[in-house]
Amino acid sequence: AFEKEKEDSKRLEREHPGTMQKTRQLEQRVPGLSHAIEIDYVLQLDFLMEAITIEKRGSGKGYLVFVPYFDPEIFFGGYLAFFKFLKIVKRLQQGELKLILVRKNQTREHFEANLKIVRQESPDLAELFSSYHILQESRRIEVGGDYGVISFCAETHFVASYAAKQLNVSPVFFIQDYEPDFHPAGTLRTFKQSAFNLPHVAIYNSRKLYE
């Protein structure tokens, strides 16, 4: 990607002499203005959309729960509503919940530090999950029998859909808001619109959102 960017810059300069000098001058006056910010999203989106493999072993039942983060500092709003929903699911279904951490660049050390805090401050949330899996470590996920799939947001819908297809179930999408509206026209808006268009069973955060 870096080599292509250099080639594009050279071609632009050949076709429109002086363009790069003007760009550098503009960048000095307004830092960041000429930076193509959406290029930074490409690797992250590739990671979020890459296929996963489900290995089914055992005869139990439960759900794979896909979330971007497990960080107590952001456990408010949508996360609290989601955890409330999971408590209901676990009580009614009497099955295990396996948490899948989806976002890239999450280390096990960071996760375990967060889990320790959650166990101290919100033990009821830590006890929700029987096991954990960090997608950054492996895209091969083991399940202990007949499992369903629950996805927290648009970022997790693609990998959740891959899992649901292999488990022959319809994924449950927890819809907190219409996430494409959080972004202007561009890569992220298109990504989130595509996620919402995937087959799913919708659980809305509120009746007003459903309407």
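Overview of results
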read-out: Subset of the stretch 48-58 (residues that are within 13 Å of residue 167 (Cα to Cα) and assigned to a strand (DSSP E or B)); value: 53, 54, 55, 56, 57
read-out: Residues satisfying the stated conditions in the stretch 100-130, i.e. more than 23 Å from residue 143 (Cα to Cα) and within 20 Å of the chain's Cα centre (by Cα); value: 105, 109, 110, 114
read-out: Residue match in the stretch 88-101 (condition: modelled with pLDDT of 90 or more, of a type in the set (A, V, I, L, M), under 22 Å from residue 124 (Cβ atoms) and touching a His at 6+ places or on another chain (Cβ under 6 Å)); value: yes
read-out: Whichever residue in the stretch 18-47 is open to solvent by 90 Å² or more (accessible area, probe 1.4 Å), of a type outside the set (D, E, K, R) and assigned to a helix (DSSP H, G or I) and, among such residues, is modelled with the highest pLDDT; value: 21
read-out: Residues of the stretch 90-105 satisfying the condition of being open to solvent by less than 20 Å² (accessible area, probe 1.4 Å) and farther than 19 Å from residue 177 by Cβ; value: 95, 97, 99, 100, 101
read-out: In the stretch 51-69, the residues that are charged (D, E, K, R), out of contact with any Gly (no Cβ under 6 Å at 6 or more places or on another chain) and open to solvent by 50 Å² or more (accessible area, probe 1.4 Å); value: 56, 57
read-out: Hits in the stretch 70-87 (condition: open to solvent by 70 Å² or more (accessible area, probe 1.4 Å) and within 18 Å of residue 173 (Cα to Cα)); value: 80, 84, 87
read-out: The stretch 161-211, residues that are of a type in the set (A, V, I, L, M, F, W, C), under 17 Å from the mean Cα position of the chain (by Cα), modelled with pLDDT of 80 or more and surrounded by fewer than 15 Cβ atoms within 10 Å (Cβ to Cβ); value: 202
read-out: Members of the stretch 106-120 found to be open to solvent by less than 90 Å² (accessible area, probe 1.4 Å) and of a type in the set (D, E, K, R), listed by number; value: 108
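The values are calculated or read from the model by the stated rules, or taken from the named source; none is laboratory data. As the structure is a computational prediction, the values presented were derived from the model and not from experiment. In this analysis, Cβ positions are derived from the backbone assuming ideal geometry, glycine residues included, and neighbour counts consider all displayed protein chains. Side chains included, ligands, DNA and RNA excluded: accessible areas come from the protein's heavy atoms. Shrake-Rupley method; radii C 1.70, N 1.55, O 1.52, S 1.80 Å.
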